[in-house]
1. Roughly how big is the chain's charge dipole about its Cα centre, with Cβ charges of +1 (Lys, Arg) and -1 (Asp, Glu), in debye to the nearest 20?
2. Could you calculate the contour length gain from residue 296 to residue 316, that is, 0.36 nm times the residue separation minus the distance between their Cα atoms, to one decimal place in nm?
3. Which residues' amide hydrogens lie under 5 Å from the amide hydrogen of residue 328, considering only partners 5 or more residues apart or on another chain, with H built in the peptide plane?
4. Out of residues 5 or more away from residue 64 or on other chains, whose amide H comes under 5 Å of its own, with H placed 1.01 Å from N in the peptide plane?
5. What's the angle, to the nearest 10 degrees (0 to 90), between helix 341-355's Cα axis and the longest principal axis of the chain?
6. Round to a whole angstrom and tell me the spacing of the C-alpha centers of the stretch 324-361 and the stretch 269-315.
7. Sorting check: for 249-258, 180-189, which peptide has the highest mean count of neighbouring beta carbons within 10 Å, and how do the rest follow?
8. Using R₀ = 41 Å, calculate the FRET efficiency as 1/(1 + (r/R₀)^6) where r is the Cβ-Cβ separation of residue 18 and residue 160; round to 0.05.
Amino acid sequence: MERNSSSLLQIQPPTFGDLITILSIDGGGIRGIIPATILEFLESQLQELDGEDARLADYFDVIAGTSTGGLVTAMLTAPDDKNRPLFAAKDIKPFYLDHCPKIFPQDRGMFASIGKLFKTMTGPKYDGKYLHSVIREKLGERRLNQTLTSVVIPTFDIKNLQPTIFSTYEVSHDPTMNAKLSDICIGTSAAPTYLPTYYFKNEDKDGNVREFNLTDGGVAANNPALCAIGEITKQVTKKNPDFFPIKPMDYGRFLVISIGTGVAKIEQRYNAIDAAKWGSMGWLFNDGSTPLVDVFSQASGDMVDLHLGVVFQALHSEDNYLRIQDDTLTGTVSSVDISTQENLNNLVKAGEELLNKPVSRVNLESGNTEPVKNGVTNAETLKKFAKLLSNERKLREQRSPNTKVWK
């Protein structure tokens, strides 16, 4: 008999379905707890539909992530010894709660602020040693071509001064890109001023060696949703049979869930009157924050959201694009590295509250994000998307000649 919907084979290619499914996760340091909370909810909805063994990697053609989102991407798609995802979505949040205080240790005492300033003037705030060790421990020797669904993880090569995008699709064309997932995650997480840049070499089976000089993926694309769409579009253009008969500009077939890590409330942000007085140190470090890093990462994310909002609305398929982002964070919750237990718990709360907030979309005239008129919440919309994802998976299995049968 034909296997049922709860069986655990990788998702069949889009050529057998109606949609191309994408999950995108922004960068944002410890604020990765927010998308971790959202993803746990989404996976729980899929499990209600298809059984407790369902995992996010079973439903998305591509999972893309930058910086902290790149680490989440690898954790959700790396295989365990049974060729199932190494981490369930519910495991991500505890990982952050357990390890962030050691990744971003907080100085205490009356001279803590002076010591922090001295560190940032002489090198990155954190040495990255614990982060590197825990990533290598969790991901081991697993490589890019082993992920259970396709992944896209942007980084930026400071030697070449151009983005380096680690894409599962590109490995077959350029085996030197088939790096260890641990190296990729360390590279995409190397946020300027916070963590050291990362150098490594990768050698393919023919002895060809490629060098990487990487910094944070947020330099290139803090919101990697457009990178994921771009990688798929390249495959369509190259006539990859997995995407036949999809056309390069057939955006109406994309189903995109893009999850942000939150930004500070407007009143908590910078203003031009103060910034007009800043020199180079002011732009790099001001009141314990990093304005320059905040500005380029937020600009990158918003430009992607604006572009996708225009495209999906122009094609009358705006219901296929869900952007979940909280732009009301205040105080230390908006930081990327304040890893006190209180702040980590507040980030969990922010993620839970975001689920109950109304879905928002970018206003194409003002550029501002505004709640949709129907007042539907992010949680309600994720339930709808879970149903769409489940139905799409079943449809592909019904149409695919590759679907295995049980005797």
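The values are calculated or read from the model by the stated rules, or taken from the named source; none is laboratory data. It should be emphasised that the depicted structure is a prediction, and the values quoted were computed from it without experimental measurement. Backbone-built Cβ (ideal geometry, glycine too); neighbour counts: all protein chains shown. Side chains are part of the model used for accessible areas, which takes the heavy atoms of the whole protein and leaves out ligands, DNA and RNA. Shrake-Rupley method; radii C 1.70, N 1.55, O 1.52, S 1.80 Å.
1. The calculation lands at about 500 debye.
2. Difference between extended and current length: 4.2 nm.
3. Excluding prolines and chain starts, which carry no amide H, the hits are 263.
4. Distant-sequence amide H within range of residue 64: 23, 24, 25, 152.
5. 40 degrees
6. 18 Å
7. For the peptides 249-258, 180-189, the packing ranking is 180-189, 249-258.
8. Result of the calculation: an efficiency of 0.55.
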